Amino acid sequence: MRPLTVHLDPATHQALSDLADAQGRTPEQVVVEAVRRYLATKETAVRETAERLAGAHADLLRRLGE
């Protein structure tokens, strides 16, 4: 893994530490899971939008490809 520094305000840092402790995990593990879930959600939303736009503009995209 490549390192990444994230600056958190004290309250968020404490909440992250508390959650990690309650789950028996490290704060880093909690953050990695959260980022992966966030990315998966956003990737799905972007894919759905791209598919909708491609369908709506299929004729134009076909003509541009000619």
Fill in the blank from the handout: Taking Glu66, Glu28 and ranking on accessible area (1.4 Å, protein atoms only), highest first, one gets Glu66, Glu28
Practice task
At 0.36 nm per residue, minus the direct Cα-Cα distance, what do Arg47 and Asp9 gain on full extension? Give it in nm, one decimal, please.
Solution key: 10.4 nm
Completion exercise
Once Met1 and Ala56 are pulled to full extension, the length gained, defined as 0.36 nm per residue separation minus their Cα-Cα distance, is 15.8 nm
Exercise for the section: Counting helices only, and only those DSSP H runs with n ≥ 4, report the 222 nm mean residue ellipticity of the chain as the sum of -39,500 (n - 2.57) divided by its residues, in deg cm²/dmol to the nearest 500. Expected result: -26000 deg cm²/dmol
Completion exercise
For the chain, the charge dipole (Cβ of Lys, Arg +1; Cβ of Asp, Glu -1; about the Cα centre) points to a positive end, and the Cα of Ala54, Val35, Gln23 closest to that extreme belongs to Ala54
Practice task
Just subtract the alpha-carbon distance of Glu66 and Val31 from 0.36 nm times their residue separation and send over the number in nm, one decimal.
Solution key: 8.0 nm
Practice task
May I ask for the equivalent-ellipsoid semi-axes of the chain, computed as the square root of five times each C-alpha gyration tensor eigenvalue and listed largest first in whole Å?
Solution key: 42, 12, 10
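The values are calculated or read from the model by the stated rules, or taken from the named source; none is laboratory data. Note that this is a predicted model, so its numbers are computed, not measured. Cβ atoms come from the backbone with ideal geometry, glycine included; neighbour counts cover every protein chain shown. Surface areas here come from the heavy atoms of the whole protein model, side chains and all, with no ligands, DNA or RNA. Shrake-Rupley method; radii C 1.70, N 1.55, O 1.52, S 1.80 Å.
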